[in-house]
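As structure tokens, the structure follows; a few thoughts come after it.
The values are calculated or read from the model by the stated rules, or taken from the named source; none is laboratory data. Computed from a prediction, not measured in an experiment: that's the story for all the values here. Positions of Cβ are backbone-derived with ideal geometry, glycine not excepted, and every protein chain shown enters the neighbour counts. Each accessible area value is taken on the protein alone, full model and side chains, heavy atoms only, with ligands, DNA and RNA left out. Shrake-Rupley method; radii C 1.70, N 1.55, O 1.52, S 1.80 Å.
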Amino acid sequence: MSEMEMKERFFAYVDERQRRYIDQLGEAVAIPSVSSQLDIHLPDIQKMMKYAANFIQRLGGQCELRDNPDGTPERPLPPLLLGNFPVDPRKKTVCVYGHLDVQPAHIDDGWDSEPFVLTERDGKLFGRGSTDDKGPALSWLWVIEAHKELGIELPVNIKILYEGMEEYGSEGLFTFIRDEHDKFLGDVDFFCISDNYWIGKSKPCLTYGLRGLAYFELLVQGCEQDLHSGNMGGAVREAMTDLIRLMATLVDSQGKILIEGVMDDVKPVTPEEEALYDSIEFDVEAFKEEAKVKSISNKLMHDNKNDLLMARWRFPTLSLHGIEGAFSGSGAKTVIPAKVKGKFSMRLVPDQDPVRIEQVVRAHIAREFEKLNSPNKVEVKMLHGAKSWLSSPDHPNYAAAAAAIQTVFQTTPDYTREGGSIPITTAFEEATGMNALLLPIGACDDMAHSQNEKYNIANLMNGVKVLGMYLHELGKIGGPKPSSCRCIPLTKEELMVPGAFMKGFRCKCEM
Ligand code: BES
Ligand code: ZN
């Protein structure tokens, strides 16, 4: 079969299956696999992992639900899903990564339809996880299904690695990558991750950078249980008052981070870098709609395109997320909360080390709390941390994806960085020495993590085609399998030191 004929049959098959794809995405969205609420949703994540495992088995792939290596009897964690479609050991092997867990969602948060019922409106499929990341994760399986049904041999060996803890810091996956870098991952030549979004609504892009993350919980406790403010107001030093003061010392209203030492490792922008940003197509006005500020202030922190993109991609930011234990219901409740936990996080950029960031945050809180002269108890915890990732798009893996985009969209992709985090990207590259590509399918306005998350039907359909064509482009890459040093990254003992994975999986030969 000629390449042209193969492509036409593949595209026609995909087009015919649209209804079926939407129905299957609906089945996946209906499983509320919320990883930040394991106490309630662990069985749902397990169900979701089994759903995908059954799919792989139906496709004739080898499949294993591997016990989560970081799980314990006290804190069981969802399994990892390992799929394998070996075709020919002489062919290249791609490992595709995705996640089947989702962020929490409730209709009362302001959704226009039930978040766990995939709902079609105007060519868009609304539902939690539709774009992040169930749609893209299922797409790989649809690509394999199409090849099987059409009798087209897969152009590369495919390994599938899906997890159920991504939204909560990928617990267990770092241990897996360390233990399996020379086993399950041993023959992988390329990694491909489809878990981010286009920079706009219509033009595809390839992404070569992500920010890292340092997420903190700041506890202040004043008394043993909540008190009546009429009774006890004036008698006790209130935990909330201290916490709000501490939280206010972290960042100013212009977004400037006020923690001493945080910016020490952030490199200044070079003229070459500035030029790179000049060449990116990006509409600030359209972005205001995505940022949902249009009808409120119609203002962003930066009017200039380069400043705005750099603020999102290449400078660190600090966000205040919430307060656990505080009164947050509607109406008025005259309570003095006994124990409150402030949540905040920083997005990190190249050269910022989460371990060092933790130290400067602890020192800052200690200094500021001292100034409050409070009898209350304060405690800082870093909940998760991950280094940023910056790759070179100058790699055959990226060229293969660009060619696939050309075939499907008749355009060259933009090359972008992202402000979000996918911590295992760095781990894959450092543990195996192989290149990772971020190949987004979803659009900039998909509203991942937010109300009315959606996935455009057009993105779904074109996404399946692009992923399929990408595999065929990879299959054309000749030469020996790319080499890597393959040395053992970190020993088990080294990994058990808290924060070890955040230092990365540097090969021994580089240390
Ligand atoms: N799909 C996102 C990652 C992402 C978000 C990439 C925005 C690009 C832009 C992923 O599911 C996610 O949200 N990851 C978490 C990771 C964290 C819990 C370690 C994130 O970025 O908050
Ligand atoms: Zn995601």
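Looking at the stretch 117-157 only, could you name the residues that are of a type in the set (A, V, I, L, M), within 16 Å of ligand 2 (Cβ to nearest atom) and closer than 18 Å to Phe190 by Cα? If the condition is that a residue be of a type in the set (A, V, I, L, M), within 16 Å of ligand 2 (Cβ to nearest atom) and closer than 18 Å to Phe190 by Cα, then Ala137 is the only one that fits. For the stretch 205-219, the criterion of a residue being open to solvent by 30 Å² or more (accessible area, probe 1.4 Å), in contact (Cβ under 8 Å) with a residue 60 or more places away in the chain and within 9 Å of ligand 1 (Cβ to nearest atom) is satisfied by at least one position. Out of Gly385, Gly463, one residue alone is out of contact with any strand residue (DSSP E or B) (no Cβ under 7 Å at 6 or more places or on another chain), of a type outside the set (S, T, N, Q) and within 16 Å of ligand 1 (Cβ to nearest atom). It is Gly463. Residues in the stretch 158-194 that are assigned to a loop (DSSP other than H, G, I, E, B), open to solvent by 10 Å² or more (accessible area, probe 1.4 Å) and touching a strand residue (DSSP E or B) at 6+ places or on another chain (Cβ under 7 Å) were compared, and the one that is farthest from ligand 2 (Cβ to nearest atom) is Asp187.
Residue-level check: of (1) in contact with a helix residue (DSSP H, G or I) (Cβ under 6 Å, 6 or more places away or on another chain); (2) open to solvent by 10 Å² or more (accessible area, probe 1.4 Å); (3) touching a residue at least 24 places away in the same chain (Cβ under 8 Å); (4) within 17 Å of Phe184 (Cα to Cα), Arg66 misses just (1). Selection within the stretch 91-107: residues that are among the β-branched types (Val, Ile, Thr) and away from ligand 1 (no atom under 12 Å from the Cβ). The member of this set that is surrounded by the fewest Cβ atoms within 10 Å (Cβ to Cβ) is Ile107.
Okay, residues lined up against (1) touching a residue at least 12 places away in the same chain (Cβ under 8 Å); (2) on the phi < 0 side of the Ramachandran plot:
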site	(1), (2)
Pro354	yes, yes
Glu358	yes, yes
Ala363	yes, yes
Glu370	no, yes
Asn373	no, no
Glu379	yes, yes
Ala386	yes, yes
Trp389	yes, yes
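A Cβ distance below 8 Å, combined with a sequence gap of six or more or placement on separate chains, defines the contacts here; from the stretch 120-139, residues that are touching a residue at least 24 places away in the same chain (Cβ under 8 Å) reach residues that are more than 16 Å from ligand 2 (Cβ to nearest atom) and among the charged types (D, E, K, R) in the pairs Phe126/Asp112; Phe126/Glu120. A single entry from Lys381, Lys387, Lys371 fulfils the requirement of being of a type in the set (Lys, Arg), more than 16 Å from ligand 2 (Cβ to nearest atom), within 19 Å of the chain's Cα centre (by Cα) and more than 17 Å from Cys192 (Cβ to Cβ): Lys387. Flag: Ser113 does not match the condition of being at pLDDT 95 or above and assigned to a helix (DSSP H, G or I). Cβ-Cβ distances below 6 Å connect the following pairs, each with a first residue in the stretch 43-63 that is open to solvent by less than 70 Å² (accessible area, probe 1.4 Å), a second residue that is acidic (Asp, Glu), and a separation of six or more residues or different chains: Ile45/Asp101; Leu59/Glu145. Only helices (runs of 4 or more DSSP H) whose full extent lies in the stretch 215-327 are considered here, and the ones with at least 1 residues that are among the acidic types (Asp, Glu) and closer than 27 Å to Lys377 by Cα are 239-248. Scanning the stretch 402-427 for residues that are open to solvent by 20 Å² or more (accessible area, probe 1.4 Å), in contact with a helix residue (DSSP H, G or I) (Cβ under 9 Å, 6 or more places away or on another chain) and within 10 Å of ligand 1 (Cβ to nearest atom) yields Arg417, Glu418, Pro423.
With Glu281, Glu274 as the choices, which residue is in contact (Cβ under 8 Å) with a residue 60 or more places away in the chain and surrounded by fewer than 17 Cβ atoms within 10 Å (Cβ to Cβ)?
Glu281
Checking the structure you have, find out if any residue of the stretch 430-441 is in contact with a Pro (Cβ under 6 Å, 6 or more places away or on another chain), within 16 Å of ligand 1 (Cβ to nearest atom), farther than 18 Å from Val262 by Cα and modelled with pLDDT of 95 or more. Yes; the residues of the stretch 430-441 include at least one that is in contact with a Pro (Cβ under 6 Å, 6 or more places away or on another chain), within 16 Å of ligand 1 (Cβ to nearest atom), farther than 18 Å from Val262 by Cα and modelled with pLDDT of 95 or more. Selection over the stretch 348-360 of residues that are among the β-branched types (Val, Ile, Thr) and either over 22 Å from Pro268 (Cα atoms) or touching a Ser or Thr at 6+ places or on another chain (Cβ under 6 Å) (or both) gives a count of 1.
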